[in-house]
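Below: the structure, in structure tokens.
The values are calculated or read from the model by the stated rules, or taken from the named source; none is laboratory data. The model shown is predicted, which means the values in this text are computed figures rather than measured ones. With ideal geometry, Cβ positions are generated from the backbone for all residues, glycine too; neighbour counts draw on all protein chains shown. These area figures cover heavy atoms from the full protein model, side chains too; ligands, DNA and RNA do not enter into them. Shrake-Rupley method; radii C 1.70, N 1.55, O 1.52, S 1.80 Å.
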Number of protein chains: 2
Amino acid sequence: MSETREQILEEIKIQGDLVRKLKATKEPKEKIDEEVSRLLALKNKLGEGPSQTQKFVLKTPKGTRDYAPKQMMLRQNVLDKIIAVFKKHGGEAIDTPVFELKEVLTGKYGEDSKLIYDLKDQGGEILSLRYDLTVPLARYLAMNKISNIKRYHIAKVYRRDNPAMTRGRYREFYQCDFDIAGSYDPMLADSECVKIVSEILDTLAIGDYVIKLNHRQLLDGMFEACGVPNDKFRSICSAVDKLDKSPWPEVRKEMIEEKGLLPDTADKIGEYVRLSGDRELIEKLLADEQLKNIPSAVKGLKDMHLLFKYCHIMGLSDKINFDLSLARGLDYYTGVIYECVLKAEPKMLNGCSEEQGTVGSVAGGGRYDNLVGMFDTKGKQVPCVGVSIGVERIFSVLEAKYAADGIKQRTNEVEVMVMSAHKGLHEKRLSILNDLWNQGIKAEHFYKLNPKLLNQLQYCEENQIPLAVVLGDSELEKGKVKLREISTRKEEDVLLANLSDEIKKRLH
Amino acid sequence: MSETREQILEEIKIQGDLVRKLKATKEPKEKIDEEVSRLLALKNKLGEGPSQTQKFVLKTPKGTRDYAPKQMMLRQNVLDKIIAVFKKHGGEAIDTPVFELKEVLTGKYGEDSKLIYDLKDQGGEILSLRYDLTVPLARYLAMNKISNIKRYHIAKVYRRDNPAMTRGRYREFYQCDFDIAGSYDPMLADSECVKIVSEILDTLAIGDYVIKLNHRQLLDGMFEACGVPNDKFRSICSAVDKLDKSPWPEVRKEMIEEKGLLPDTADKIGEYVRLSGDRELIEKLLADEQLKNIPSAVKGLKDMHLLFKYCHIMGLSDKINFDLSLARGLDYYTGVIYECVLKAEPKMLNGCSEEQGTVGSVAGGGRYDNLVGMFDTKGKQVPCVGVSIGVERIFSVLEAKYAADGIKQRTNEVEVMVMSAHKGLHEKRLSILNDLWNQGIKAEHFYKLNPKLLNQLQYCEENQIPLAVVLGDSELEKGKVKLREISTRKEEDVLLANLSDEIKKRLH
């Protein structure tokens, strides 16, 4: 299927025209860059070969970014805290390949399937980049016939979405999932997921939050009670899901005009979805004339009742909220669903959200009892419930918070800088560094034979390195070095033989 | 470019024939599975749509695998130790996207470029999966105009190689790189990389090792001295690189028959590449009649001399070896190159290597001063030296070692199992668990209302959970629970108020 030179030249002409047009109409720079990069890729096809200097726009692919050391430090701190909570609850880590056979992903994401990244057919299997971590988990469980696991998985996923990078939405982003698979008694695993979300948000200390709870079977029962035809449950559910971004009249319009509901039916739904509350509301709905004869509604409400009881035992009562407008986008949920939203503090809002009052969802999940069975040859089900922590949003919130608080994060953990006070000491420096490294002390030096003392000191201050060992002939003759505390500028002569002990004492 | 139904049907017919042929000739199962999966993908294209049970072979893509909890635990332990060494030397983490613009990778890997995974052109940019972490680093440095950094990067890379999974070679695998970028005095950064490799191998305690050292400029000078034409330096270098797997006569044959060297020239090279030794050999070569008039050879030897001196100061003399047969595959090296090989212990050899005496390379790297400049519009160079730790091989070696030693690794870190001795205690269990979690204790329970005591105890033994809290009405009436040590089966009644303190005491 390789193209002829003429075909490529024709494509280059068309692409060149497009770029000129975009530039003429002053389209956004990102868009122009993208088309320029396509143009250069075409030119590359002509076999002009590699050159010593680059001719293309130097950038990361659209919707992606590099993480600099400062961001990595923040990210690792956040992930470490989250992993500690997962482990506290018995979580085990797994990892799966970044791509899956395309068929594994087919038919799992509804209309979002168009956002899946496919790999080029280079001979061999047809592959796609993973879209989330839940479908790979289901594939893993079915493939290995695993019917019980508490697993966590932290990895990047890929969606060819329209990136809104200023609002923290990317095409490549981290997901951080904890799921409990197995056939258990109702709500014990489900409530532990709520507890885990709460512990994570508490340990990250990013502000007040509320965990909204609802139940897919209650939603279905409620739709049934309102007169929604069976085959429209999922699409009406998607419409309800938009209530966190759109006002009711808009959602109502969508239900009637796009989804074909009767106005009366939509209005009935409107009555329900504006309800939120606690156990009292559950009791009230259990007595509701329209719902109490619908088995799935009653089943959902009884689950919610039990969930609230368990959450109460775990001290979560003031953090949870029963919210009938919570629907969640994905098709595969079959039971409890939850979503955790931060209550905004003004300084956090910067760059994180356009919404009033909240900075949006930082965790979400629910029960999906039928997904694993889709991969099992005999359709054997493994019920699952899980939660996904929105770490990308959490990173953004914390970055904004540190910026607002003027906190300057370190990007490395160096404890000691080993310096020369004058020329000719680099071998002695290496020898002392070697001792410190062998003692487990984090230490560095300038990779210069004779660096200037002032530059070395400045480097310590800029990089918040707490201690410096300063080498000079006069001290070395006595078997000593100067140990300097950078913040106070206090210096003391220390015997080389005691140096690492002295450093450890000061660090702890 | 979408295909017609007829085209797809034709492709299905051809693919079906291929599968039947493969089956008839009893080809390897992996190969058949791959073609079957292509066939099913084609059938999928006909729009038969998703089904409730899967029709395709349930597997991970060719050359990839899942990591189960046991493997993840081992992997994370290894990576934590490596990261600790990187941080001890002032390393900062960065991360880059899993894919790059295709042009970024073009012209960097020589003939290995054919192994690059491309993404499908779905409109937008032309992308490829990263092939290593070095080229993305160079792109990152050039793009952000960074001229000094000590960065580490641990991430998966992708190569459409013929996988040899039994020997630990995959299409998706981890790389673990540490690089020092910046214009510095000779060999200071280079020798620190050698030190880092040595510290990592020591801390992992996977056995004796040797770090082979050589220099690209010395190799070039040696080729020049032997009469190799300038334009054949890189391809002769590739031939030398094969000496760790092939005997000299084979490599000699390749040089003469494939690369067109004169037999006499090849024989001269043969004399040099069988040399290995220490500082004495460097001195000897500095006096070598053929080499001493060739500037690049002298430059390389002087660097080696300095490198050996610095390594000696850092206590590495008995771990390094100057080896003229070391060449390294990649084109971009310009100075010192190194490779660390394990000296085999018999029990480690299992599944890890077919070679005699060593289990192969577990780290390698070198200096590449010209790569960053390839990305800079003005060709500005940022000299770099770095090392890549072969963590996949290290994982394999350790897995084999643990298996041989009969070590059973834990897959989670649970400290306490909270159990019911009889029915009706699940709410009390939740309440106690909640206290333990809030105290930071790693605890779990069965997600059953009334699990059997025996099952709960068995679970602890199987999963090496050290402690159990056993709830029973008679103890609870006195405000107590039984605290049981699983290994000794000793039990003691403990006041609920003291429970978490008592548990912490026993754990530490």
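Sequence-ordered 3J(HN,Hα) estimates for segment A:9-22 from the Karplus curve with 6.51, -1.76 and 1.60 and θ = phi - 60° stand at 4, 5, 4, 4, 4, 4, 5, x, 4, 4, 4, 4, 5, 4 Hz, glycine and proline given as x. Assuming R0 = 51 Å, what is the FRET efficiency of residue B:234 and residue A:474, from their Cβ-Cβ distance, to the nearest 0.05? Efficiency for this residue pair is about 0.50. Which entries of A:150/B:43; B:299/B:378; B:242/B:319; A:59/B:343; A:62/B:88 show an alpha-carbon separation above 31 angstrom in the structure shown? Violating the 31 Å Cα-Cα cut-off are A:150/B:43; A:59/B:343; A:62/B:88.
When residue A:497 is represented by a point 7 angstrom out along its Cα-to-C-beta vector, the spacings to that point in the other copies are 5.4 nm, nearest first. The alpha-carbon atoms of the protein assembly as shown, seen along their principal axes, cover 103, 77, 61 angstrom, with the largest extent given first. The contact residues of segment B:295-337, meaning those that lose at least 10 Å² of 1.4 Å-probe accessible area when all protein chains sit together rather than their chain alone, are B:309, B:310, B:313, B:314. Adding -39500 (n - 2.57) for every DSSP H run of four residues or longer, then dividing by how many residues chain A holds, sets the calculated 222 nm ellipticity at -12500 deg cm²/dmol. Once the mean of 1/r is taken over each pair of separate Cα atoms and inverted, chain A shows a Kirkwood hydrodynamic radius of 27.3 Å. Averaged over peptide A:426-435, the number of partner chain Cβ atoms lying within 10 Å of each residue's Cβ comes to 4.
State whether segment B:82-215 is rounded, prolate or oblate according to the following rule on the C-alpha gyration tensor (a ≥ b ≥ c being the square roots of its eigenvalues): a/c under 1.5 gives rounded; otherwise a/b larger than b/c gives prolate, and the remaining case gives oblate. Verdict is oblate for segment B:82-215. For segment A:208-262, just say rounded, prolate or oblate: build the C-alpha gyration tensor, square-root its eigenvalues into a ≥ b ≥ c, call rounded for a/c under 1.5, and beyond that prolate if a/b exceeds b/c, oblate if not. The shape class here is oblate. Taking Cα pairs under 8 Å and at least six residues apart, what relative contact order does segment A:378-480 come out at, in percent? It rounds to 32 percent for segment A:378-480. Near residue B:412, once Lys and Arg are set to +1 and Asp and Glu to -1 for all other residues with Cβ below 11 Å from its Cβ, the sum equals +3. What shape does segment A:386-508 take by its C-alpha gyration tensor, where a ≥ b ≥ c are the square roots of the eigenvalues and a/c under 1.5 counts as rounded, a/b above b/c as prolate, and the rest as oblate? Verdict is prolate for segment A:386-508. In percent, rounded to a whole number, the relative contact order of segment A:21-159 is 21, using alpha-carbon pairs under 8 Å and six or more apart.
Here segment A:78-148 and segment A:263-342 have alpha carbon centers that stand 29 Å from each other. Once C-alpha pairs closer than 8 Å and six or more residues apart are averaged by separation and normalised to the residue number of segment A:443-485, the relative contact order reads 29 percent. Projecting label points 7 angstrom from Cα along Cα→Cβ for residue A:23 and residue B:202 puts them 5.8 nm apart. Label-to-label distance, residue B:427 versus residue A:245, with points set 7 angstrom from Cα along the beta-carbon direction: 4.2 nm. Between copies, the label points of residue B:203, set 7 Å from Cα on the Cα→Cβ line, lie 2.2 nm apart, reported in increasing order to one decimal in nanometres. The other copies place their residue B:25 label points at 5.4 nm from this one, listed shortest first, where each point is 7 Å from Cα along Cα→Cβ. Rounded to 0.05, the FRET efficiency of the residue B:14 and residue A:114 pair, given R0 = 30 Å and the Cβ-Cβ distance, is 0.60.
Residue by residue, segment A:200-214 carries 3J(HN,Hα) couplings of 5, 5, 5, 6, 7, 6, 9, x, 5, 8, 9, 9, 7, 10, 7 Hz when phi is fed to the Karplus relation 6.51 cos²θ - 1.76 cosθ + 1.60 (θ = phi - 60°); x denotes Gly or Pro. Listed by chain and number, the aspartates and glutamates placed with their C-alpha closer than 17 angstrom to that of residue A:253 are A:241, A:244, A:264, A:267, A:271; residues fewer than eight positions away on the same chain are left out. Full extension of the segment from residue A:377 to residue A:492, taken as 0.36 nm per residue of separation minus the current Cα-Cα distance, would add 34.1 nm.
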